[in-house]
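Participant: My structure is below; once you've seen it, I'll send some questions.
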Amino acid sequence: MAKKSVKIFLDSNIIISGLFSDRGAPRVILDLLSLGLPQLAGVTGEYNIIEIERNIRKKMPDALPVYLKYLPLMNLEIIPLPSSRDIAKLSGTTSQKDIPVLASAINGNVDFLVTGDKKDFIHLTGKYSFKILNPSEFLDIILPEVLKALESDI
């Protein structure tokens, strides 16, 4: 694992949950990404960023400065909005609101799609090159690997 970064696509709900809770798996994931470990590379979509900012402005506008300050610390690669062609290719695979997320994960060539809404994606398991996991499942897989890589660097 030390040779190749694991690319993790974060759904909007993971970023929001991790930013506004000081505990739980989403927060641990964001904290790990903020460390800049070479083993992990965080990814999200421009679609997700738009969704996050819309929700923050609507539901908790006072939190916008916290989000804007913390976002760059996570070192996320932002995948551009999927093309209408990408969206059309995936039409019918999942709910319309989740297609841009799926397309962004595909376009980002990620290893994992981490979402708090796994039920919305579970029927896609095995159809793409990435695993679809909830935050706790992801940490169960990745933490031992990260620790092993860190130990070998000492």
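The values are calculated or read from the model by the stated rules, or taken from the named source; none is laboratory data. Everything numeric here is computed off the predicted structure, so don't read it as measured data. We place every Cβ from the backbone using ideal geometry, glycine too, and count neighbours over all the protein chains shown.
Rundown of residues vs (1) loosely packed, with under 15 Cβ neighbours inside 10 Å; (2) modelled with pLDDT of 95 or more; (3) acidic (Asp, Glu); (4) under 25 Å from ASP120 (Cβ atoms), yes/no style:
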site	(1), (2), (3), (4)
LYS4	yes, no, no, no
THR44	no, yes, no, yes
ASN48	no, yes, no, yes
GLU53	no, yes, yes, yes
PRO61	yes, no, no, no
TYR67	no, no, no, yes
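Participant: Also, quick follow-up: Can you report the number of residues in segment 56-91 which are within 20 Å of the chain's Cα centre (by Cα) and basic (Lys, Arg)?
Facilitator: Result for segment 56-91: 1.
Participant: Looking at SER91, SER34, SER95, which one is in contact with an Asp or Glu (Cβ under 9 Å, 6 or more places away or on another chain), at pLDDT below 95 and surrounded by fewer than 18 Cβ atoms within 10 Å (Cβ to Cβ)?
Facilitator: Working: SER91 fails: in contact with an Asp or Glu (Cβ under 9 Å, 6 or more places away or on another chain); SER34 fails: in contact with an Asp or Glu (Cβ under 9 Å, 6 or more places away or on another chain).
Answer to the check: SER95.
One line per residue, one yes/no per condition, for (1) surrounded by fewer than 15 Cβ atoms within 10 Å (Cβ to Cβ); (2) in contact with a Gly (Cβ under 6 Å, 6 or more places away or on another chain); (3) on the phi > 0 side of the Ramachandran plot; (4) not aliphatic (A, V, I, L, M):
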{"residue": "VAL110", "(1), (2), (3), (4)": "no, no, no, no"}
{"residue": "VAL114", "(1), (2), (3), (4)": "no, no, no, no"}
{"residue": "ASP117", "(1), (2), (3), (4)": "no, no, no, yes"}
{"residue": "ILE122", "(1), (2), (3), (4)": "yes, no, no, no"}
{"residue": "SER129", "(1), (2), (3), (4)": "yes, no, no, yes"}
{"residue": "LEU133", "(1), (2), (3), (4)": "no, no, no, no"}
{"residue": "ASP140", "(1), (2), (3), (4)": "yes, no, no, yes"}
{"residue": "LEU147", "(1), (2), (3), (4)": "yes, no, no, no"}
{"residue": "LEU150", "(1), (2), (3), (4)": "yes, no, no, no"}
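Participant: Residues that are among the charged types (D, E, K, R), at least 1 per element: which helices (runs of 4 or more DSSP H) completely within segment 1-60 meet that? Quick ask: steps written out before the conclusion?
Facilitator: Details: elements: 12-19, 25-34, 46-59.
Hits in segment 1-60: 25-34, 46-59.
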